Structures are given as C-alpha cells and as structure tokens.
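Asks: Mind looking over this structure? Questions follow.
The values are calculated or read from the model by the stated rules, or taken from the named source; none is laboratory data. No experiment lies behind these values; they were computed from the predicted model shown. All Cβ positions, glycine included, derive from the backbone under ideal geometry; neighbour counts span all protein chains shown. For accessibility, only protein heavy atoms count, side chains too; no ligands or nucleic acids. Shrake-Rupley method; radii C 1.70, N 1.55, O 1.52, S 1.80 Å.
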Amino acid sequence: MNAKASLRALVIVAIGFVVWTLLNRFVLDPQFAAFLAHKTDLARPLRLTAWLRVLDVHIAFACLALLAGALNFAGRPPGVRRGRHRAVGYLYLFSVLVVVVTSGYLAPYATGGRAVSMAFNLLNMIWIAVTIAAFVTIRRKQVDRHRRWMIRSYAFCFTNLSIHLLEMALTRAFGVPYATAYAVSVYATILLLALIAELIARRTVPSSPRTTTSALH
C-alpha cells in the first residue's frame with residue numbers, strides 16, 4: 001500500500017470509529033448499561049450522572065483528536081494551507097489535554113480495578129509527554145522530529161479501539177473472563193501502540209533533523 005492509500009485508509013478508519021463511537025454512546029446504549037455491568041468492587045461509589053457527563057466530554061474531545069490528527073497527517077500541504085495545519089494542530093493538542101484530564105477522573109472507576117487505573121494513568125503521562133514533545137520540536141523548527149513525535153502521539157488516539165478489539169478476541173475466541181480480558185487488553189494496547197508507532201516513525205521519517213517547516217506549515 002502506497003503512502004496516499006495509507007493516509008486515505010487512516011482517514012476512513014478515523015471517521016468510521018468516530019461514527020461507531022457516537023452511535024454506541026447515544027443510540028445503541030446511551031446509559032452505557034452493558035459496559036457498566038462489568039464494573040464491580042469499585043474503590044469509590046460511581047455517581048452515574050457526573051460520570052456520564054465527564055465521559056461525554058472525554059468522548060467528544062477524543063473524537064476531535066482522532067479527526068484532527070487524521071486531517072493533518074492526510075493533508076500536509078505547504079504554502080497557503082500552513083495556517084490551517086497549525087490551527088488543526090493546536091486543536092489536536094488541546095483535545096489531547098482534555099482527554100487526559102477527563103481520563104484522570106474516569107481512571108479510578110476503570111473496569112479491572114486498581115491495576116487498570118494505574119495503567120490508564122501511566123498512559124496519560126506517556127501521551128501528554130509525547131504530545132508536548134511534538135509541540136516543542138515544531139516550535140524549534142525540527143520538522144522530522146516533530147513528525148516522529150506526532151506519530152507516537154497519534155497512535156494513542158486508537159487506544160479505545162485497540163482495547164475493545166483485543167478484549168473481544170480474548171473473551172469470544174478464548175473464553176477469558178471480561179474483567180481479566182479488559183485488564184490484559186489495556187496493558188497490551190499501551191505496549192502494542194507504542195511499538196507500532198515507533199516502527200512507523202522509524203520507517204517513514206528520515207533520521208536526520210531538518211530545520212525547514214515547509215512540509216508542515
């Protein structure tokens with residue numbers, strides 16, 4: 001698959017996942033009853049109304065981050081569109097910040113207990129660190145480094161999708177109990193996405209630094 005086809009596929013996957021997420025949240029299971037049924041032995045009582053409101057903010061900005069990242073990866077035009085790329089980049093940065101903050105609220109209620117909460121908190125720290133690194137490198141006009149850090153950051157936009165795909169494989173194909181499958185999937189997702197992002201970054205972005213911003217801005 002060539003680069004253009006890969007980028008088109010990325011956009012299609014991003015849009016498809018956003019549509020599925022919104023459909024599942026607001027149409028198929030608006031109270032998240034199926035997912036909440038697996039939350040047992042919580043360390044603190046779940047205040048459903050507040051939890052759902054925070055979840056809505058989390059979902060909304062996760063979708064924005066997913067679409068913003070796809071837009072900038074699929075269209076890296078020079079010249080007249082520099083401003084658009086920069087604006088979308090700031091939208092992505094802000095969206096990631098909101099997702100991380102809301103995830104901090106949601107983490108203590110994670111399915112699988114404290115071990116999973118710790119995994120999500122670790123993910124939040126990694127995600128914000130690599131996203132800030134992407135911002136700092138482009139401010140320094142280090143375009144190739146910026147691209148590599150953005151690949152690492154954007155990979156974590158697919159956390160939810162990866163977790164649920166792995167969980168479904170473990171529960172349906174191997175009969176693993178849901179809570180165990182979910183916990184394993186969270187840890188596996190962090191490692192898997194980080195590895196995939198690193199491989200893509202090393203294969204697609206030159207290792208020598210560049211100082212021009214013409215490709216991205």
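Asks: Can you confirm whether region 92-108 contains a residue that is hydrophobic (A, V, I, L, M, F, W, C), under 22 Å from Phe26 (Cα atoms), open to solvent by less than 70 Å² (accessible area, probe 1.4 Å) and free of Cβ contacts under 8 Å to residues at least 24 places away in the same chain?
Replies: yes
Asks: Quick one: count up the residues across region 19-45 that are within 14 Å of Leu106 (Cβ to Cβ), in contact with a Leu (Cβ under 9 Å, 6 or more places away or on another chain) and surrounded by fewer than 12 Cβ atoms within 10 Å (Cβ to Cβ).
Replies: The total comes to 0.
Asks: Please indicate, with yes or no, whether at least one residue in region 149-156 is among the polar types (S, T, N, Q), without any contact (Cβ under 8 Å) to a residue 24 or more places away in the chain and out of contact with any strand residue (DSSP E or B) (no Cβ under 9 Å at 6 or more places or on another chain).
Replies: no
Asks: Continuing with the same structure: Being buried (at least 16 other Cβ atoms within 10 Å of the Cβ) and under 24 Å from Val98 (Cβ atoms) is the filter here, so list the residues in region 133-147 that pass it.
Replies: Ala133, Ala134, Phe135, Thr137, Ile138, His146, Arg147
Asks: If you scan region 110-132, which residues turn out to be open to solvent by 20 Å² or more (accessible area, probe 1.4 Å) and not β-branched (Val, Ile, Thr)?
Replies: Gly112, Gly113, Arg114, Ala115, Met118, Phe120, Asn121, Leu122, Met125, Ala129, listed by residue number.
Asks: Going by the structure shown, is Met118 out of contact with any Cys (no Cβ under 9 Å at 6 or more places or on another chain) and free of Cβ contacts under 8 Å to residues at least 12 places away in the same chain?
Replies: Yes; evaluated as a whole, the condition is true for this residue.
Asks: Go through region 14-59 and report how many residues are among the basic types (Lys, Arg) and part of a loop (DSSP other than H, G, I, E, B).
Replies: 3
Asks: Across region 157-187, what is the total count of residues that are open to solvent by 40 Å² or more (accessible area, probe 1.4 Å) and part of a helix (DSSP H, G or I)?
Replies: Residues in region 157-187 being open to solvent by 40 Å² or more (accessible area, probe 1.4 Å) and part of a helix (DSSP H, G or I): 16 in total.
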